[in-house]
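Below is one structure; the comments refer to it alone.
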Amino acid sequence: MRIVHWFRKDLRLSDNSALHHAVQDAKGDVVPLYVGEPAILTRPDMCGRRVRFVLDTLRALEKDVKSVGGKLILRHGDAAKIVAAVAREVGADAVYWNEEYEPALRARDRAVADALERQGTRCVRFHDRLLVAPGEVRTQEGNPFTVFTPFQRACLLVPQEESLPRVAKLAAARAETRPVARAEDLLPKLGLEHGTDEIPDAGEAAAKARWIRFAPRLAEYAEDRDRMDVDGTSRLSIDLKFGTISPRTLAALVFAAAKEKPAARKGAEKYVSEMRWRDFYAHVLFHFPHVEKRSFRPEYDSLRWEENPRHLEAWIEGRTGYPVVDAAMRCLRATGWMHNRARMIVASFLVKDLGLDWRQGERHFMRELLDGDLASNNGGWQWAASTGTDAAPYFRIFNPVLQGKKFDPDGAFVKKWIPELAGVPGDRIHAPWELTPIELAAARVTLGKSYPKPIVDHGEARGRTMARFAAVKG
Ligand SMILES: Cc1cc2nc3c(=O)[nH]c(=O)nc-3n(C[C@H](O)[C@H](O)[C@H](O)COP(=O)(O)OP(=O)(O)OC[C@H]3O[C@@H](n4cnc5c(N)ncnc54)[C@H](O)[C@@H]3O)c2cc1C
C-alpha cells in the first residue's frame, strides 16, 4: 500500500498524527506532498513575512524529509486538482492529512475529499492541530462552550494523548516537483512586501531551539508573561501556527520541565492554560463561523463606529501620542511580533479610544503578524472590543497610561521603540504631556514636534465609548 501525506500546517516529522499513521499503514511507503495554493496566497490578509517564514520552513522540511530517505513533492495550484493528480501519478491508495478548522480551509478540504472520492482514492483525516478537538468537549446541555473557564475545566478531563515518535522512513517517489520558491521572486508576484527585517529561524529544529531557550524561564512565566519589558514568553506561537511543533509535544515538554523543577509548576500550569486559549478560539470559530465577519454577539453588529482614516493611520504608524501604544505598533511593524499584553492594549485603544471598528485592527494585525492566525486573532480582537464570547465587559476600558506604568514600569519597552523619549525618566515616560516645560526640555522632547501630542483625550474617549455601547445595550 502507498499513501500520500499532504502537509499543510503540520510542517514537521515528529509527533505528526496523520504522517505517523500513514507510515505505519503503508510500512514507510509514504509520499510527502505540499501544495502552494494561490487561493490562500492571494488572500487580502496575507503577509509577506508569513510567506517568507513558510518558504524557510519548507526548505527545512525538505532537508528533514530527505534525511529519512524521502523526497518532498512540491506543487503549486488548486489543492483539489493537485492532490488528486499526485495521488494518481504515484499510484497512491490513500491520502492522509491532519484536520484544519477554519471555515475556508474546511471548504477546501471538502473539495479535495470529493475529488479523491471521484477517482476512488481513500482520504483519511486526523485530529492533530489542538490539544482538544472541536466537538470533543461540550456543556452539560450539549452546546459548545462560550466561556473560557468551564471550557478549560472540561478540557482537563480529556485524557491527554501521548506524543508520537518521529517518522524514520519516507518514500522517494518519482514524481514531478519544483524547488521551494525564493521569497524575492514570489512576493512581488503576490504584491507583498519582502521587508528588511530578519525573521525567526524556521523548521522543527528552530522550534525546538526556541523551546530550549525558553524552558529555564518557565518558573517565572506566571509573573513575567505580562511584562512588556521582560523577554518572558516563549515566542512559540509561530511554531504552533505552522505546526513546526505539535501542541501535544509542547504541553508534554512543559509538564516534564515542571516535574524536573517543582518551582516551575505554577508557570507550567499557566503556560498550558494560555495554550488552551488558542484551543478555545479555534473551537469558537469552528462552532460559530459567523465570527469571522461579524460580532459573536449579534446586538453588537449595530454599533456605530467612527470613520477616521487619519486616526487609523496614526495607530498603524505608532503616532498616537500614547507611548505604550506607539511602541507596540512600531515593534509590530519592525518585527512582525507583539507581546500579548501590548496586543490587548493597542486593540483596546483602537476600539475604545479611537472608536474604530475592531475589524480594521484585526485586518492590520493579519497583514503584519508572523503568527497571524484567524481564530486567535479574531478571538483577541473580539475580546478587546467586548463583542466576543468571553469578552472584557464594555465598561472595562484599558487606560494606556496605567497599563504602561504597570507592565513597563521603568519605560524600557517604550524607550526601545521610541528613542525620541529616551531622556524621560522612569514611568513618567507613559504620559509625556504631564511633564513640565523644564522636564521636557531636559529630556529633549518637544511635544507635537519630536513626539506627537495625544490624538485623543482618554477620558473623553472613554465617555464616547460608554455611550456607543450603551446605545446598543438599549
Ligand atoms: C488582539 C490580539 C490578537 C492576537 N492575535 C494572535 C494571532 O494572530 N496569532 C496567535 O497565535 N496569537 C494571537 N494572539 C494571542 C497572543 O497574543 C499570542 O499568541 C502570544 O502573544 C504569542 O507569543 P508567545 O508565543 O511568546 O506566547 P506565550 O506567552 O509563550 O504563550 C504560549 C502559547 O499560548 C498561546 N496563547 C497565549 N496567549 C494566547 C491568547 N491570548 N490567545 C490565544 N492563544 C494564546 C499561543 O499559542 C502561544 O504561543 C492575539 C492576542 C490579542 C489580544
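For the chain, the relative contact order is 17 percent, taking Cα pairs closer than 8 Å that sit 6 or more residues apart in sequence and dividing their mean separation by the residue count. Cross-link partners of Lys27 among lysines, defined as those whose alpha carbon lies under 23 angstrom from its own and excluding same-chain residues fewer than eight positions apart: Lys63, Lys66, Lys71, Lys169. Within a straight-line Cα-Cα reach of under 24 Å, Lys415 can be paired with the following lysines, leaving aside sequence neighbours fewer than 8 residues apart in one chain: Lys405, Lys406, Lys449, Lys453.
Taking a ≥ b ≥ c as the square roots of the Cα gyration tensor eigenvalues, the range 282-358 comes out oblate, since a/c reaches at least 1.5 and a/b does not exceed b/c.
For the range 157-243, what does the alpha-carbon gyration tensor say about shape, rounded, prolate or oblate, given a ≥ b ≥ c as the root eigenvalues, a/c under 1.5 as rounded, and a/b over b/c as prolate? Since a/c reaches 1.5 but b/c is at least a/b, the shape of the range 157-243 is classed as oblate. Across the range 436-448, coupling constants 3J(HN,Hα) worked out from phi with the 6.51/-1.76/1.60 Karplus curve, θ = phi - 60°, read 6, x, 5, 5, 4, 5, 5, 8, 6, 10, 10, 5, x Hz, and Gly and Pro carry x. Full extension of the chain between Ala104 and Ala470 gives 128.3 nm of extra length, using 0.36 nm per residue less the Cα-Cα distance. Straight Cα distances below 17 angstrom link Lys241 to the lysines Lys9, Lys208, with same-chain residues fewer than 8 positions distant left out.
Cα-based values for the range 298-473, radius of gyration first and Dmax second, are 15.9, 52 Å.
In this structure, the amide hydrogen of Ser386, modeled 1.01 Å from its nitrogen in the peptide plane, lies closer than 5 angstrom to those of Ala392, counting only residues at least 5 positions away or on a different chain.
Going from the residue with the fewest nearby Cβ atoms within 10 Å to the one with the most, Ser450, Ser163, Ser14 rank Ser450, Ser163, Ser14. Amide H to amide H distances under 5 Å link Cys123 with Val95, where only residues 5 or more positions off or on other chains count and H is placed in the peptide plane. An oblate overall shape is assigned to the range 3-128, the ratio a/c of its alpha-carbon gyration tensor axes (a ≥ b ≥ c) being 1.5 or greater and a/b not exceeding b/c. One equal scatterer on each Cα of the chain, no solvent, Debye formula: the resulting log10 I(q)/I(0) at q = 0.08 Å⁻¹ is -0.52.
Per-residue 3J(HN,Hα) values for the range 293-300, derived from phi via the Karplus relation 6.51 cos²θ - 1.76 cosθ + 1.60 with θ = phi - 60°, read 10, 10, 5, 4, 8, x, 4, 7 Hz in sequence order (x marks Gly and Pro).
FYI, it's all coordinate maths here, none of it is from the lab. If you're wondering where the values come from, they're calculated on a predicted model, not measured in any experiment. Cβ sites come from the backbone with ideal geometry, for glycine too, and all protein chains shown count toward neighbours.
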